[in-house]
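This report concerns only the one structure given below.
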Amino acid sequence: MKYVDEFRDGRLARVVRAQLEAEVEPRRSYRLMEFCGGHTHAIFRYGIQDLLPAGVQMVHGPGCPVCVLPVGRLDMAIEIAQRPEVILCSYGDMLRVPGSGRRSLLKAKSEGADVRMVYSAADALALARAEPDREVVFFAIGFETTTPPTAVALRRAIDEELSNFSVFCNHVLTPAAITSILESPEAREIGTVGIDGFLGPAHVSVVIGSQPYESFAEEYRKPVVIAGFEPLDVLQSILMLVRQLNDGRACVENQYTRAVSRHGNLRAQRLVSELFERREDFEWRGLGRVPYSALRIKDRFAAFDAESRFAPAERRARENRECKCPQILRGAAKPHDCKLFGTVCVPENPIGSCMVSAEGACAAYWTYRRHETLSLKA
Amino acid sequence: MSTPPRATPAERIELAHGAGGRRMTELIDGLFKRHLSNAWLERGEDSAVLARPDGRIAATTDGYVIDPLVFPGGDIGSLAVHGTINDLAMAGARPFALTAGFILEEGLALAELDRIVASMAAAAVAAGVAVVGGDTKVVERGKGDGVFITTTGVGEIPPGVELGVERIAVGDVVVVSGTVGDHGVAVMSRRAGIAFETEIVSDSAPLHELVARMLQRVPGLHALRDPTRGGLAATLNEIAVARGVGITLRADRLPVRDGVNAACELLGLDPLHVANEGKLVAFCPPDAAEALLAAMRAHPLGRDAAVAGTVAAGPPGLVELETGFGGRRVVDWLAGDQLPRIC
């Protein structure tokens with residue numbers, strides 16, 4: 001595939017690997033967090049850890065929207081789906097996620113709820129036009145990347161006065177989550193394990209630009225490299241972070257110059273801010289309540305907001321106390337540190353958020369590296 | 001005997017077509033027997049009586065519930081023939097007879113059923129296998145999905161052929177007969193909601209002749225499998241677990257079409273998890289690999305055959321992939337289906 005294979009070239013990877021080996025300072029440790037589950041997935045899928053010098057450690061962040069969606073929000077979606085007039089449209093990876101009492105959207109579907117898998121918000125909108133007698137609800141999740149498509153669908157529905165379409169909004173914000181990690185007890189306490197730098201998700205920055213990360217570099221003195229998702233992108237970004245740390249620099253660098261600019265996609269940002277506003281706080285599975293970390297639909301458009309339209313009961317679900325996901329998501333523990341990993345918590349029966357989606361850290365260790373991980377655990 | 005009445009294309013399946021009365025006879029004579037005609041069906045007995053072959057008999061059954069019924073490169077009719085023949089072929093058997101059970105949904109257009117049965121008949125003739133018996137039931141509208149087909153097949157295993165997972169040994173090479181993922185991608189490209197344009201067609205094909213060639217050339221072949229649902233990843237994981245061995249694949253040796261790679265990239269799938277309906281994976285001792293490859297490549301269905309991996313002592317039960325990028329990873333099987341009903 002043109003424009004993809006070039007970024008998966010094994011020979012170029014060996015060149016970057018040699019540079020890394022030459023530049024990584026012996027006895028120094030580089031703890032780098034890839035925020036996004038897409039990066040975690042790429043690292044495991046291509047075996048990038050095998051190419052890194054011993055001193056470079058990847059720490060896996062909370063950037064997987066399915067993983068961090070709290071069980072209570074999923075329960076609300078299931079409640080909406082159970083209404084006989086509703087067709088609930090969801091992205092496929094949300095369908096199997098267990099909510100309270102291990103009930104998932106798929107289970108609700110088998111009991112008669114009309115739940116449909118869609119590939120985009122536009123598909124849900126098309127369904128609403130085709131089924132005027134039903135209430136079509138789009139279960140919107142995701143970071144800044146999936147928010148603009150939701151906004152476009154919402155804008156169209158408003159303009160067309162499509163009265164049977166609404167959105168259950170769970171869109172969350174990347175910079176707020178990174179702040180929460182930097183403010184976490186492990187990161188603040190001097191002498192405990194910290195994070196030396198961040199790989200920023202390029203797809204998010206296509207929308208929001210690289211500018212929102214500048215404060216992390218300035219205030220927290222953490223270098224950030226906006227990184228693409230192909231394996232060479234990731235490897236090169238790691239090299240860029242290593243160079244900043246070696247030089248004692250902390251700035252925002254852009255590896256994904258083929259699509260990311262400092263200010264991002266202004267048109268998309270305008271549309272999003274026209275329709276959505278920040279929630280005062282939002283619960284993240286694993287991180288707890290994070291201030292100003294999610295979006296809600298503005299009151300003016302409440303008719304298109306499934307939360308005000310169907311008023312599902314607010315729920316708080318309790319997590320398993322043995323589960324180490326909160327520490328794993330902040331980079332303070334690894335999957336093999338968790339008692340539940342691989343024993344009761346496996347992809348078929350996920351207990352914690354990191355096992356829920358294929359992009360979660362525990363799911364990636366289990367899927368791609370379980371042999372080594374289980375031996376470390378023993 | 002008078003000519004049986006033909007079903008007119010505008011008609012649809014009604015509950016009466018399954019009720020055992022005249023409508024049912026009209027459907028069987030006018031549609032099924034017209035396409036699948038052979039001595040056993042003409043006799044119209046409750047059972048087909050077959051001559052006993054010399055060798056051992058392989059028997060298998062498989063249900064087909066694919067959505068959509070027609071896809072690029074095939075349809076549920078041809079698939080129901082190929083899939084069952086291939087299960088027989090993986091035991092080294094030469095298939096000689098099939099039976100077919102049809103569950104029809106009230107409202108199915110007879111013209112569509114006609115096309116499906118015609119395609120089934122053509123696939124059976126091309127494979128040299130007779131459909132010697134069948135059954136038809138009709139369910140109410142909404143209780144089926146057009147048509148479900150179950151085929152049962154029997155085949156003869158020639159003397160001296162011994163295939164089985166228990167014969168797989170450490171050091172064996174893993175040979176795939178061609179590109180992986182074609183069938184799944186072709187089906188997904190026509191599925192409501194995700195339809196996309198691709199030149200990929202299903203690989204649905206009968207593999208028994210390719211297998212006969214392979215066995216002729218390499219009688220010491222250890223085992224054969226057809227990686228259908230769950231793709232090559234599921235098949236290899238089953239074997240690794242059953243034999244307590246490790247299997248290592250090499251990404252750069254694995255044949256995958258560009259269009260399949262592109263579609264998988266778009267949909268977030270791994271070609272190793274995508275279904276095949278005309279591919280096999282063979283295990284053989286390393287010294288026979290070259291002869292096996294030559295035999296496979298000489299047959300049209302094995303033209304792209306490649307050694308994709310090896311069997312190792314460990315880690316037991318694990319399938320690993322050497323990525324083209326220079327790292328390694330586990331090739332897992334899926335917790336559930338990627339997408340439902342692809343066969």
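A short reminder: the numbers here are calculations on the coordinates, not readings from a lab. What you see is a predicted model, and the numbers here were worked out from it, not measured in a lab. FYI the Cβ positions are ideal-geometry reconstructions off the backbone, even for glycines, and counts take in every protein chain you see.
What the table shows:
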quantity	calculated
Unique residue being more than 14 Å from chain B (Cβ to nearest Cβ), crowded, with 22+ Cβ neighbours inside 10 Å, free of Cβ contacts under 8 Å to residues at least 40 places away in the same chain and touching a helix residue (DSSP H, G or I) at 6+ places or on another chain (Cβ under 9 Å) when the list is A:Leu105, A:Leu69, A:Leu74	A:Leu74
Strands (runs of 3 or more DSSP E) within region A:275-362 that include 2 or more residues in contact with a Leu (Cβ under 9 Å, 6 or more places away or on another chain)	A:276-278, A:281-284, A:295-297
Residue among B:Val319, B:Val311 that alone is more than 21 Å from A:Phe44 (Cβ to Cβ), touching a Phe, Trp or Tyr at 6+ places or on another chain (Cβ under 9 Å) and crowded, with 21+ Cβ neighbours inside 10 Å	B:Val311
Subset of region A:9-37 that is within 10 Å of chain B (Cβ to nearest Cβ) and small (Gly, Ala, Ser) - its residue that is farthest from A:Phe198 (Cα to Cα)	A:Gly10
Every residue from region A:367-378 that is surrounded by fewer than 24 Cβ atoms within 10 Å (Cβ to Cβ) and either facing another protein chain (nearest Cβ under 9 Å) or not in a loop (DSSP other than H, G, I, E, B) (or both)	A:Thr367, A:Arg369, A:Arg370, A:His371, A:Glu372, A:Thr373, A:Leu374, A:Ser375, A:Leu376, A:Lys377
Considering residues of region A:277-301 that are hydrophobic (A, V, I, L, M, F, W, C) and within 19 Å of the chain's Cα centre (by Cα) only, the residue nearest to A:Ser163 (Cα to Cα)	A:Leu295
Test: B:Arg250 is out of contact with any helix residue (DSSP H, G or I) (no Cβ under 7 Å at 6 or more places or on another chain), within 13 Å of another protein chain (Cβ to nearest Cβ) and among the charged types (D, E, K, R)	yes
Breaking point among (1) assigned to a helix (DSSP H, G or I); (2) in contact with a Lys or Arg (Cβ under 8 Å, 6 or more places away or on another chain); (3) acidic (Asp, Glu), for B:Glu209	(2)
Residue match in region A:313-334 (condition: closer than 30 Å to B:Leu267 by Cβ, small (Gly, Ala, Ser) and away from chain B (no Cβ under 14 Å))	no
Subset of region A:237-251 (residues that are buried (at least 22 other Cβ atoms within 10 Å of the Cβ) and among the polar types (S, T, N, Q))	A:Ser237
Of all residues making up region B:38-63, the number that are touching a residue at least 40 places away in the same chain (Cβ under 8 Å) and in a loop (DSSP other than H, G, I, E, B)	7
Odd one out for A:Ile87 among (1) surrounded by 19 or more Cβ atoms within 10 Å (Cβ to Cβ); (2) within 12 Å of chain B (Cβ to nearest Cβ); (3) over 18 Å from the mean Cα position of the chain (by Cα)	(2)
